[in-house]
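Right, one structure below, let's go through it.
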Amino acid sequence: MAATGIVLGFHCTTPGMKHAKGPLLSIDVGDRTSETQDVSDVLESYVGGRAVGTKLAHDRIPFDADPLGAENRLYLATGPLQHSTMSFTGRMSATALSPLTDGLLSSNAGGFLSRNFTATGYGAVEVTGESDELLIVHVTDEEVTFEEVPELAGAETTDICSYIETEHGLENEHTVTIGPAGENLVRFASIMTSRERAFGRGGLGAVLGAKNVKAITFDGDSTHDVEIPPLQMDVHREAAQSDHIMKRQGTSSMTEFANTVEALPTRYFSELSFEGATGISGDRVEEKKYKKGTCSACAFACKLPTRDEETGLETEGPEYETVMAFGSNSGVDDIVDVMKSNKRCDELGMDTISAGDVVAAYLASEDAFGDVELIQETVEKIASREGIGDLLAEGVDRCHGELGVENWSVKGLEFSAHDGRTLNGQGLAFATANRGADHMYGEFYSLEYPLVEEDQAMDKEGLEGKPPKLVEKENLNAVKDSAVLCKFSRDFVSPERLSTLLDAEYEQLIEIGDEVVAMERHFNNRRGFDRSDDRLPYELPDFESALAEYYEVRGWNPDGTVPEERFEPSGATAD
Ligand code: SF4
C-alpha cells in the first residue's frame, strides 16, 4: 500500500474564522462499525465542505487506491454557513477518488440535505470499506445503524426514496441515494439527494455502488454554536427582492445567449451554435415550469420543477448544461425530449453532462444526431451496462477509440458547455482544473461573457493576463465550496462580503483555497498526473505560455506538479 501524505506547515492564522464544527464520523461498511474522531484542528484550518473533505481524503486515502475498491473513502461535509438561514447556502460537498478521472475530486449538490446533515452534529462523515450485502446506512445524532436491503437492488431514485419515507418516515431531504447506474459502476454515476439534486460530476455514485451502499440517511437535532454575522440578512433580503432572470429560468437562461456568441457545443462539439436553440431555450423551460423550486433557506429559488401537460412528464430542469449535452450536442431541438433524458438520468442516477456527452459521442459514431428514440434507449443501456451501454458506461475518454470519435474530455471528465474555443479563458480553465473539463471549478466563463459589469469583464479572445485571474477564481471557488456557498451568489456575495461572513481576511481565505487546489494536485501527481494531463482537444493562442504562467503563479513546478517539499509522507493510512 502506498503511503498517504500530510500537508506541512499550513495553519489558519485567523482564530475567529467561522468553520464547521463537530467530530468526524468514520463509517466502515465492511465490518459495519463506526467511530468518531476529533478533527477540530482540520475544521479550524480548512473552514468545512470541500477543503475539509480534500484534506481528509488527501491524508487518509492511499495514493494507489482503487477508486472502486474498499480503500477509497467518500467524505460528505457541510460548512459554517449551513448554520445560518442565509440564501445560497442550501448546498454541501462530497469528496473521493473518482472512478472517472482517477484523481481526487469534489462534487457539490443543492437541495435540502445540508441542514439535515448538519443536524446530526458531525463536522464530516467518512464512508470506507466494502459491504458484502446491499445496505442503507442510517446516521442520527445518537447512533449509526446498518440495514440490509438486497430487495432494493436495481431500485431507481424515486423508489428508494419512497421506501425510506414509508419504512423510516424520512423524506427525500434526509437522504443520499444511488440508482442502478451506481450499482452497476457506471463511471459517471451520480449520488442523488432530495430526489432530483445530484452530486453529479466524477462518478461518486459508483464509489458508493462499489461499497454496496444504496443510501445513507441523516437525521438529528444537534446544534453547534456558529454565529454568522448579521450581513447574512442583507444577502437574504436582496436575494428575495431580486428580479434576476435565473429566478424564472435557472441556468437555462444561458442557452440562447451562449448560442448567439457561439459558445454552445453542438453535435458532439463539431459546431459552436445550434439552429434548433429556440426549441430548447430558457423560454421553453419557463413555459414548462409549474411551480417555484429552491434549495434549503434560499430565497433566490432558481430551481425548475417542470411538467409537460401533454405527456404528464414531470422533472426538475433541465439546467443549461443538460440542455447542451442532451439538446444541442445530441442534435435535439425539443425541450420535452431533453426533459425526458433529464428525468431518466435522475432516476437512474447518472450525471447528465457526462451521460449526454457520451450519448452524443455514440450518435456521432452512428451518424444519428437527433434520433431521440436511440438516445432514450442508449440512456437505459448505459445504466444497466447492456450491449453498447457497457462500453459507453466507461465514459468518453475510455470509449472514444472504439467508437472512432474524438476524445472530448479533460482528465477523463466530459466537457460541460461554455465552449473554450470561443471563451478562451474558460478553455484554459478546463485544462487546468484538477477535476477536468468542468465549468464550475474555475467558472472563468462568467468573466468572458459580455454580461459582466465592465470593470470586471475580460475579452473572450486570447489568454493574455488571464492566468493570475484564473488562479484567484479557482481559489475563491474552493473557498465557496468549503463555506459552503452556492456559486450563483456571485451578484450578492462579493469577496469582501464573504470575508465578513466568515470573519477572516480575504487573503487568508484565498490561501486556504490555494491549499485545497494544491492538495488535489499533489494527490493526483502521486497517481501520475502532470502537465501532459492539462490538455485540450483544440488549440488556443499562446496556450503553453499561459499554462507556464499559471504554474508559476501557483508556485508549482514547470511540469505541472506541486513541489514535493510542500508535503510530507506519513507512511501510514489513518485509522
Ligand atoms: S441559487 Fe439556486 S442552486 Fe443556489 S442555493 Fe439557491 S436555489 Fe439552490
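The values are calculated or read from the model by the stated rules, or taken from the named source; none is laboratory data. Since this is a predicted model, take the numbers as computed values, not measurements. Heads up, the Cβs are rebuilt from the backbone with ideal geometry, glycines too, and the neighbour counts pull from every protein chain shown. Note: areas computed on protein heavy atoms with side chains; ligands, DNA, RNA excluded. Shrake-Rupley method; radii C 1.70, N 1.55, O 1.52, S 1.80 Å.
In table form, for the structure just shown:
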{"item": "Simple label model, 7 Å out from Cα along Cβ direction - H224 to D283, nm", "result": "4.8"}
{"item": "FRET efficiency estimate (nearest 0.05) - Cβ-Cβ, D459 to R535, R0 25 angstrom", "result": "0.60"}
{"item": "25 Å Cα-Cα reach of K473 towards lysines, excluding residues that sit fewer than 8 places from it in its own chain", "result": "K18, K55, K247, K303, K411, K460, K487"}
{"item": "Prolate/oblate/rounded label for region 350-437 (Cα gyration tensor, a/c 1.5)", "result": "prolate"}
{"item": "Region 391-514, relative contact order [Cα under 8 Å, separation at least 6], %", "result": "17"}
{"item": "Gain in span if fully extended, D367 to S40, counting 0.36 nm per residue against the direct Cα distance", "result": "112.2 nm"}
{"item": "Residues whose placed amide H lies under 5 Å from that of G317, excluding near-sequence neighbours", "result": "L304, T306"}
{"item": "Mean-position separation - Cα centroids, region 133-207 and region 26-50, in angstrom", "result": "20"}
{"item": "In region 464-550, chymotrypsin sites (Phe, Trp or Tyr not before Pro) in a DSSP loop with at most 11 other beta-carbon atoms within 10 Å", "result": "none"}
{"item": "Cα-based radius of gyration of region 283-421 once divided by 2.2 N^0.38 Å, which approximates compact folds", "result": "1.06"}
{"item": "Interchain or long-range residues, amide H under 5 Å from G200's placed H", "result": "N108"}
{"item": "Loop GluC sites (Glu not before Pro), region 496-569, which have at most 12 other Cβ atoms in a 10 Å radius of their Cβ (DSSP)", "result": "E539"}
{"item": "Cα gyration tensor category, rounded, prolate or oblate, for region 191-264 with a/c compared to 1.5", "result": "oblate"}
{"item": "For region 96-110, Karplus couplings with θ = phi - 60° (6.51, -1.76, 1.60), whole Hz, Gly/Pro x", "result": "6, 7, 7, x, 8, 9, 6, x, 6, 8, 10, 10, 9, 10, x"}
{"item": "For region 386-446, convex hull volume per residue from C-alpha positions, Å³", "result": "82"}
{"item": "Overall dimensions of the chain by Cα: Rg and Dmax, Å", "result": "21.7, 62"}
{"item": "Length released on extending from E130 to E271, taking residue separation times 0.36 nm less the Cα-Cα span", "result": "46.4 nm"}
{"item": "Added length on full extension, which subtracts the Cα-Cα distance from 0.36 nm per residue, D503 to E472", "result": "9.2 nm"}
{"item": "Cα centroid of region 489-506 to Cα centroid of region 75-90, whole Å", "result": "14"}
{"item": "With all protein chains modelled, accessible area of V359 [1.4 Å, Å²]", "result": "0"}
{"item": "Per DSSP, loop GluC sites (Glu not before Pro) in region 337-440 with at most 14 further Cβ within 10 Å", "result": "E386"}
{"item": "Mean Cα-pair separation over length for region 468-575, i.e. relative contact order, pairs under 8 Å, 6 or more apart, %", "result": "30"}
{"item": "Other-chain or far-sequence residues with amide H under 5 Å of M350's (modelled H)", "result": "S190"}
{"item": "Range of Cα positions in region 172-320 per principal axis (Å), largest first", "result": "52, 46, 32"}
{"item": "Translational D in µm²/s for region 72-173 (Stokes-Einstein at 37 °C, 0.692 mPa s, Kirkwood Rh from C-alpha pairs)", "result": "214"}
{"item": "In order through region 72-89: 3J(HN,Hα) via Karplus (6.51 cos²θ - 1.76 cosθ + 1.60), integer Hz, x for Gly, Pro", "result": "5, 10, 9, 10, 10, 7, 9, x, x, 5, 6, 8, 9, 10, 7, 4, 6, 10"}
